[in-house]
Amino acid sequence: MALRSFVEVPPDSHFPLENLPFGVFQPKQGRPRVGVAIGDLVVDLSVLEELGHFHSPEFQDQRVFSEESLNSFLSLGRPAWRKTREILQHLLSADTPMLRDDARLRERVLHAQKDVVMRLPARIGNYTDFYSSYHHAHNVGTMLRGAENALMPNWKWLPVAYHGRASSVVMSGTDVRRPYGQTKSPDAVVPTFGPTKSLDYELEMAFLVGPSNSLGEPVPIDRAVDHIFGLVLMNDWSARDIQAWEYQPLGPFLAKNFCTSISPWVVTLEALEPFRKPLPPQDPEPLTYLRWENDFTFDIQLEAHLQTSAMNAPHVITRTNFQNLYWSIAQQLAHHTANGCNLEPGDLLASGTISGATEESRGCMLELTWRGANPLKLSNGETRKWLEDGDILNITGYCQGDGYRIGFGEVSGQLSGSDE
Ligand code: MN
């Protein structure tokens, strides 16, 4: 049974009253501030805060919503996140007259999403990318080492990851420039330097870290969710030819850090709660510090769409689900801090490419075309081994409820040539 707001929300909207995802927006006039999405609107939390609606012990006398990032709000932790959700669900309810019946106040508090510019939701200090989809790791390993040695011996024992680069994480809608780099084809004697010839997307999700843990103090797995605020969609743009030449022995570097796009709205764990599923049993059973009897995943349907400059409408190239991840977000966070590494509010921890068992659920071109061997056939007759200049890649996702959706909006980017 869907909740009702006085704001019009169609049943296929990603942003009903049950969702209320957080983001940072900039209105036509004024500085960026914190908002939540409902239907086609943004609610300006800085105005509601100024009016005293968040005077509550959970906020520890802090004003957090006029800031240009979510970081202060993230550091307050789940009691403040829950209280904010409760207050907003009340203020936006069809039965609450305060905002509903006050046109002047509505004008100050509610903006059309089309009239505002979305900013990065957080000052991201650190970004880590995991490698947590079994089918992605297995497919890539098969291409590199053959089916018998597809998974490295550590893969089922720990959530493998690399430290990425936070400075090049960008907001959805930012153009992606084809990067230059060093590559070497197998038959060449020496490498060459030039624009990548194998630009790829990676369909991923990522979570934002809330309160920090102190350096030297691991977060036990049954406390991990206290440090996880919510999730966004992510596209980890990748240059496969640069990656193939540079990655040994220390892992991804310039093939990955030229651009990583995220969606603007952070969907909270509270909003995702109805779509929580138990984490399937893992074999072998993980070591004790990664074991939690209540561990969970979410049923989130995910799609990637490609639109070339010759197409009028996007073409679906990936259909997958968040449940295709082998390692849970709690395991990722517990493992990341197991050595005492301190996470900080606004840190971004990403899933890795989310591929499933079927061909259509492969989450990147590398897998879809099997390293270019089987080009994708698009609906207008074009083919693609890799992304080409002018292509728009869009990732979207939502949870389907009874009469409503908890959606993530989209993360999109258009590829421009390296000389533009
Ligand atoms: Mn990745």
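The values are calculated or read from the model by the stated rules, or taken from the named source; none is laboratory data. The structure displayed is predicted, hence computed values, not measured ones. All Cβ positions, even for glycine, are placed from backbone atoms using ideal geometry, and neighbour counts span all protein chains on display. Areas reflect the complete protein model, heavy atoms only, side chains present, ligands, DNA and RNA absent. Shrake-Rupley method; radii C 1.70, N 1.55, O 1.52, S 1.80 Å.
Structure notes:
- Of all the criteria given as (1) in contact with a Leu (Cβ under 6 Å, 6 or more places away or on another chain); (2) free of Cβ contacts under 8 Å to residues at least 24 places away in the same chain, the one not satisfied by residue 149 is (1).
- The requirement of being modelled with pLDDT under 95 and either within 12 Å of the ligand (Cβ to nearest atom) or farther than 22 Å from residue 70 by Cα (or both) is not satisfied by residue 216.
- Tallying residues that are in contact (Cβ under 8 Å) with a residue 24 or more places away in the chain and either basic (Lys, Arg) or assigned to a helix (DSSP H, G or I) (or both) within the range 254-274 yields 6.
- The range 326-363, residues that are of a type in the set (Val, Ile, Thr) and either over 19 Å from residue 257 (Cβ atoms) or away from the ligand (no atom under 16 Å from the Cβ) (or both): 329, 337, 354, 358
- Selection within the range 68-108 - small (Gly, Ala, Ser) and not in a helix (DSSP H, G or I): 69, 77, 93, 94
- Among the residues listed as 223, 177, the single one being farther than 24 Å from residue 283 by Cα and within 26 Å of the chain's Cα centre (by Cα): 177
- Residue list for the range 23-42, restricted to those being polar (S, T, N, Q) and without any contact (Cβ under 8 Å) to a residue 60 or more places away in the chain: 29
- Identity of the residue in the range 174-211, under 30 Å from residue 225 (Cα atoms) and in a loop (DSSP other than H, G, I, E, B), that ends up nearest to the ligand (Cβ to nearest atom): 202
- Selection status of residue 222, away from the ligand (no atom under 15 Å from the Cβ), charged (D, E, K, R) and in a helix (DSSP H, G or I): yes
- Test set (1) within 16 Å of the ligand (Cβ to nearest atom); (2) assigned to a loop (DSSP other than H, G, I, E, B); (3) closer than 30 Å to residue 291 by Cβ - residue 233 fails condition number: (2)
- Residues that are assigned to a strand (DSSP E or B) and among the polar types (S, T, N, Q) within the range 289-313 comprise 297, 301, 307, listed in sequence order.
- Being free of Cβ contacts under 8 Å to residues at least 24 places away in the same chain and closer than 21 Å to residue 80 by Cα holds for only one residue in 20, 45, 51, and it is 51.
- Looking across the range 236-249, the residues that are within 16 Å of the ligand (Cβ to nearest atom) and free of Cβ contacts under 8 Å to residues at least 24 places away in the same chain come down to 243, 247.
- Among the residues of the range 289-303, not a single one is of a type outside the set (D, E, K, R) and modelled with pLDDT under 95.
- Those residues of the range 106-137 which are more than 16 Å from the ligand (Cβ to nearest atom), open to solvent by less than 50 Å² (accessible area, probe 1.4 Å) and touching a helix residue (DSSP H, G or I) at 6+ places or on another chain (Cβ under 6 Å), in sequence order: 109, 122
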